[in-house]
Amino acid sequence: MLRVLPILPRKFSPSIAVRLVHVTEYGIKDGLQELLHVETRNMCRCEECFSTLSTQKLLTDAKKGVRVSSVGRVTEHYLTVKWDDGHEGMIARTSRGAYGPQPVQDILDKYYNLTVRRNNELQLWRGEEEEGVAMQFKYSDVISSDQSTRDFIAHFMKYGIGTMTEVPAERNTLDVINVDMEAGPMRETIYKNPDPVAFIADAHNFAYTSDALPGHTDLPYYTQMPQIFLFRCHINTVIGGSSFWIDTFAALAEVRAERPDYFASLTTTPISCRYSPPGTGWYLATPYTAVVLMGDDILEVRDHLALMDEFEMSRRLPRETRSKWWDAFLYYQSKLEQAAYKRIVKAGDLVFVDNRRVLHGRESFKAEGERKERLMDVSYGDWNHFQRRLLDTGPEKLFIERHLHNE
Amino acid sequence: MASSLAKWALNTTRATSNVCARAVSSSARALSSSARSVSLESEGILDGNNLILHHESRYLCRCPGCFGATSNQPLHTDDFSAIKVTEIKELHDHYIELQWDDGHVGMLPRNETGAYGNGYKQTPPQRFYDLSLRKNKAQTFWSDGTLPELNKKFDYEEVISSDENVKELLAHYMQYGLALLANTPNQPGDLLKVLDKLEVGPYWKTLFGLLSRVSYQNDPLNQAFNNQHLAAHTDMPYYTQTPSVYFFHCVANELEGGESFWVDTFSALHHMRTEMPEMFEILAEVKVPFRQYRVGWHMAGSYPTIEMMGDDMYRTRDCNFVIDNFQFTKDYDPATRACWWEAYNYLRAMMTNPDRSVQVKLQSGDLAIIDNWRVQHGRNQFTVPEVADGAKRVMDVVYVEWSHVQNRLLRYH
């Protein structure tokens, strides 16, 4: 029996409701939308099939073989449906019916595609051609309101980089993310969290030297590479040492257009990374493809030449495959030239970098006289926790609008 | 007579090792001791049957000018795309001394000992390495849940008594996607102590927190917290990076029913790949939307049921409770969806076959380690007494990154 839930004001939209709805051989046709028998049963939103608390199906497994018998009441957001297993329920016709009333729909319309990395929502860039890349957001402004935090996160997701400035020295990066922005929890790695980046003699990693660091993505040897790279500047008085960032998606868009065969090689050839610095006891390695696609969208790029395991590649891949891959990789690398956005980070800066898209690097620096201090720290955020911060609308519960049978 | 670079190969090693010393001391007879012949070809260096391309060789140079002794990383990443080897100068057991046309003279490694760490580093057993990279050839797919290897319970005290025993447990886990440990400390929260002993951290914090407690709740925010049958599934498929190593610790399991069960998706998919390749392809191509949007949460993403790494099955995501069917109807046309449902239902028929599952009523102190990218888990319904009688069912959950467990398996001291 269908339980009735709280009554909401009805905003009846005749144009939607009068879309012809009828049962077909395949399922239900609702205007231009066609639903299959099997998926309608799995979409039932009645109390027996769906928990509004957990927003999860209560079905014990996917219902297969069940067919729609009839469609009953049609409202703006729901259809009443009867299936041949005897169940009577309701399925959503609109996003509002599926996910809840306002402000959910506005939020989803604005941000959903960005958070799932649909490439057509992203702003690709080269150097400083795009003003948005160089935009800076004051910490106090970002945390001043829920909307301004969302705006900052959306900007970061769109460009793959977002710069926050004037972060108070006493405010730990973890607290900025976890508490001030409510975008945690953060990602733990084998490094400290946050990990200080300062000059170390005989460093086990050349990030801790004063040498130039070529553009790269961090921790490519992780099976799941950290997604959000948080780079905080505490002190920076040295000579040189400009940081720079490069949008690989922009470069790959060119490769894809000009040399689809090279692009295919980068997306399909499995290579590997290995990281095992002496004296650390660490040993991490992973296979990967330089470019990961999700459907047609580029989802992820891994690019860290210094950690690529060419030896393993040379043993495992045929010569022709390797030769093609190297040609493709070097062609892509040529697209990165003259594409960097560069600046000297200053104390109080916290730069958010999409570690699966934007390379970061550094020019060499010198510590001389009074200009001798450079201390940064690095930590990693989780993309889905940032997504949650962007999409969650707060304490409003999801509820299914009353769906009257007998009016 | 050792070359200056061969001397370097000895001098730059920091750990005690005889490997490089042997390489250097044998250099006088290197050419004859090295059974593989080495020649300079048009495309690169041919070492036995292994051809290294010209520019690859330059990236592989292990001389102190090119490779950091303390970092095991190349010291520069210049563009070597046009470079060519001009001369083979000397052969050693682990290196070939080469000259390139940019004038550089360096060392090309010939084996793992030469490649990883200046010739001295111990390399992990190939089996461990392949398992940790999730190579299907190292894994054992299973479709019979009664196999003794799957139901074997490792004793906790025995496991933590030695580094080798921990590695054997982890290797077993990676091979089967499932490992059972008995006699662990069984108080609430003890799971973290167990993981500290196994040294598999750091741990993965999800929105559930670091340690999530699964026990019966009225009006639960997640299906796991009711008492109903939970169909086989993988956890949190809506995460872009879904948790990989899933530690499921039994604190108490005193209620009637509630047996845990596990099923190997890779075995089922392997069958489909062989018998129903079109269906397998559909499951590898179509991105299924997932969404979890309870109060305070909203995470979503679309991913195929099976992700590949080259020819290897790499990761599966399957959790019907959180498939976003509404989004699915927006993303794909009916014909594609119909094909997907057919393939998915074929898979589910195997996943719900009890013969394929390992079924265990976990006892207090039992710990199941599950590969959440491969093995699905579920639970039979259990009975909640109408009047509370003190009996309870409490499980603790912690997720760990695959790379951290790999690190534990492969690391050396």
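The values are calculated or read from the model by the stated rules, or taken from the named source; none is laboratory data. Bear in mind that the values here come from a model prediction, so they are computed numbers and not experimental data. Note that each Cβ is placed from the backbone with ideal geometry, even for glycine, and that neighbours are counted across all protein chains shown. Just so you know, the surface numbers come from the protein's heavy atoms only, side chains and all, with ligands and any DNA or RNA stripped out. Shrake-Rupley method; radii C 1.70, N 1.55, O 1.52, S 1.80 Å.
A few notes on this one:
- Per residue accessible area in Å² of chain B, where ligands, DNA and RNA are left out and the probe is 1.4 Å: 37 Å²
- Peptide B:305-311 - average C-beta neighbours from other chains (10 Å radius): 3
- Of the residues A:Asp85, B:Asp196, ranked by 1.4 Å probe accessible area with the largest first, the sequence reads B:Asp196, A:Asp85.
- Positive minus negative residues near B:Pro289 (Lys, Arg vs Asp, Glu; Cβ under 15 Å): +1
- Accessible area in the full protein assembly, largest first, 1.4 Å probe, for A:Asp296, B:Asp155: A:Asp296, B:Asp155
- Cysteine residues of chain A whose C-beta has no other cysteine C-beta under 4.7 angstrom: A:Cys46, A:Cys233, A:Cys273.
- Once the chymotrypsin sites (Phe, Trp or Tyr not before Pro) in DSSP loops with at most 14 neighbouring Cβ atoms within 10 Å are cut out of chain A, the longest remaining piece is A:13-398.
- Of B:Lys89/B:Lys135; A:Lys158/A:Lys346; A:Lys138/A:Lys192, pairs whose Cα-Cα distance is over 32 Å: B:Lys89/B:Lys135
- Dividing the summed helix terms, -39500 (n - 2.57) for each DSSP H run of n ≥ 4, by the number of residues in chain A produces a 222 nm estimate of -7000 deg cm²/dmol to the nearest 500.
- In segment B:269-293, the residues whose accessible area drops by at least 10 square angstrom when the other protein chains are added to the isolated chain are B:Lys287, B:Arg291, B:Gln292, B:Tyr293; the probe is 1.4 Å and only protein heavy atoms count.
- Inter-site label distance for A:Ser334 and B:Lys89 at 7 Å from Cα along Cβ, in nm: 3.1 nm
- Cβ-derived FRET efficiency at R0 35 Å, A:Glu131 paired with A:Leu32, nearest 0.05: 0.30
- Volume in Å³ per residue [convex hull over Cα atoms, computed for chain A]: 191 Å³
- From phi via Karplus (6.51, -1.76, 1.60), per-residue ³J(HN,Hα) for segment A:163-179 in Hz, x at Gly/Pro: 10, 9, 10, 6, 6, x, 4, 7, 8, 4, 4, 4, 6, 4, 6, 6, 9
- Taking every residue in A:376-386 and counting other chain Cβ atoms within 10 Å of its Cβ, the average works out to 3.
- Buried surface between chains A and B: roughly 8600 Å² of accessible area, summed over both sides, computed with a 1.4 Å probe on protein heavy atoms only.
- Rolling a 1.4 Å probe over the protein heavy atoms of chain B, with every protein chain left in place, gives an accessible area that is 49 percent carbon and sulfur.
- In segment A:82-147, the portion of solvent-accessible area held by carbon and sulfur atoms comes to 43 percent [1.4 Å probe, whole percent, DNA, RNA and ligands not counted].
- Occluded residues from segment A:287-324, i.e. those whose accessible area drops by 30 Å² or more once the chain is not alone (1.4 Å probe): A:Pro287, A:Met294, A:Leu305, A:Ala306, A:Glu310, A:Phe311, A:Glu312, A:Ser314, A:Arg315, A:Arg319, A:Arg322
- From phi via Karplus (6.51, -1.76, 1.60), per-residue ³J(HN,Hα) for segment A:251-257 in Hz, x at Gly/Pro: 5, 6, 4, 5, 4, 4, 6
- If R0 equals 25 Å, the separation of the Cβ atoms of B:Ser37 and A:Arg319 corresponds to a calculated FRET efficiency of about 0.90.
- Rg [Å, one decimal], Dmax [Å, integer] - the protein assembly as shown, C-alpha atoms: 28.3, 100
- Three-way shape call for chain B based on the alpha-carbon gyration tensor, with the a/c threshold at 1.5: prolate
- Exposed loop sites are taken as trypsin sites (Lys or Arg not before Pro) in a DSSP loop (any state but H, G, I, E or B) with at most 16 other beta carbon atoms within 10 Å; the longest stretch of chain A without one runs A:193-345.
- Take the Cα of A:Leu375, step 7 Å toward its Cβ, do the same at A:Thr267, and the gap between the two points is 4.6 nm.
- B:Leu192 paired with B:Glu158, simple spin-label distance in nm, labels 7 Å along Cα-to-beta-carbon: 3.0 nm
- Taking the protein heavy atoms of segment A:242-376 in the context of the full set of protein chains, the accessible area attributed to carbon and sulfur is 49 percent at 1.4 Å.
- Taking Cα centre as origin and charging only the Cβ of basic (Lys, Arg, +1) and acidic (Asp, Glu, -1) residues, the dipole magnitude of segment A:271-362 rounds to 260 debye.
- Averaged per residue, chain A has 39 square angstrom of accessible surface, using a 1.4 angstrom probe with ligands and nucleic acids left out.
- Placing R0 at 35 angstrom, the Cβ-Cβ distance between A:Arg343 and B:Gln99 gives a FRET efficiency of 0.30 after rounding to 0.05.
- Solvent-accessible surface ranking, highest first, for A:Ser148, B:Ser81 at 1.4 angstrom: B:Ser81, A:Ser148
- Extreme residue, positive dipole direction of the protein assembly as shown, given options B:Ser71, A:Ser323, B:Thr329 (C-beta unit charges): B:Thr329
- 10 Å Cβ neighbours from other chains, averaged over peptide A:36-43: 5
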